[in-house]
Amino acid sequence: RNFNEIMKFRKKNKNIIVKPLYGNGGEGVFFIKENDTNFNVILENFFNSSKEQFIIQSYIPEVKKGDKRIILIDGEVVGAINRIPARNETRSNMHVGGKPVKTSLSKNDNLNVKQYLLILSLKDYFL
């Protein structure tokens, strides 16, 4: 919630995503391009309408190819989907037209899952 830090991040990353921390279904997600004139009013909305924290992240153009979700049960991979955004849409959420496509895990995905499971087990989180 620090305006100056957000401005530095935007200057460095140019195209960004702003979204509520506890949002779901793609609600309240904004794709802000480098010279978007709505940037200030969007930030004002986040600062003034709620005390909820929000996330500023760099936009990754490859998201058009999908947003992989890995499904775990008791610490074991049981499946994965790639959520493909609808045409002319940044968000891949199914609520806004994203299509789930069954996918497999890459070697990198498997490595990441093992690392996340290790971290979670060290923090004694239930898996």
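The values are calculated or read from the model by the stated rules, or taken from the named source; none is laboratory data. Computed from a predicted model, the values in this text were never measured in an experiment. Reconstructed Cβ throughout: ideal geometry from the backbone, glycine too, with neighbour counts over all protein chains shown. What goes into the accessible areas is simple: the full protein's heavy atoms, side chains included, and nothing from ligands, DNA or RNA. Shrake-Rupley method; radii C 1.70, N 1.55, O 1.52, S 1.80 Å.
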Sum -39500 (n - 2.57) across every DSSP H segment of at least 4 residues in the chain, then divide by the residue count to get the 222 nm mean residue ellipticity, nearest 500. -9500 deg cm²/dmol
For Tyr59, the residues 5 or more places away or on another chain with a placed amide H closer than 5 Å to its own amide H are Asn15, Ile16, Ile17
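Semi-axes, largest first, in whole Å: what does sqrt of 5 times each Cα gyration tensor eigenvalue give for the chain? Write down the numbers at each step before the final one.
On the way: eigenvalues 175, 73, 40 Å².
Working from the Cα gyration tensor, I get semi-axes of 30, 19, 14 Å.
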Would you look at the GNM of the chain, springs on alpha carbons closer than 10 Å, and say which of Ile32, Ile60, Ile73 moves the most? Ile73
Put Ile119, Ile70, Ile6 in order of accessible area, largest first, 1.4 Å probe: what do you get? Ile119, Ile70, Ile6
Could you list the trypsin sites (Lys or Arg not before Pro) in the stretch 46-89 that lie in coil according to DSSP, counting only those with at most 15 other Cβ atoms within 10 Å of their Cβ? Lys51, Arg87
Choice from Pro61, Pro20, Pro100 showing the highest fluctuation, given a GNM over the chain with Cα pairs closer than 10 Å: Pro61
Per-selection Kirkwood Rh - the stretch 67-127 (Cα, Å, 1 d.p.): 12.9 Å
Reach of Lys99 by Cα under 18 Å, taken over aspartates and glutamates that are not fewer than 8 positions away in the same chain: Glu27, Glu62, Asp67, Glu89
If you build a Gaussian network model of the chain, linking Cα atoms that sit under 10 Å apart, which residue out of Gly26, Gly98, Gly75 swings the most? Gly75
For Gly79, list long-range residues whose amide hydrogen, built 1.01 Å from N in the peptide plane, is under 5 Å from its own amide hydrogen. Ile71
Could you work out the relative contact order of the chain? I mean the mean sequence separation of Cα pairs under 8 Å and 6+ apart, divided by the number of residues, in percent. 19 percent
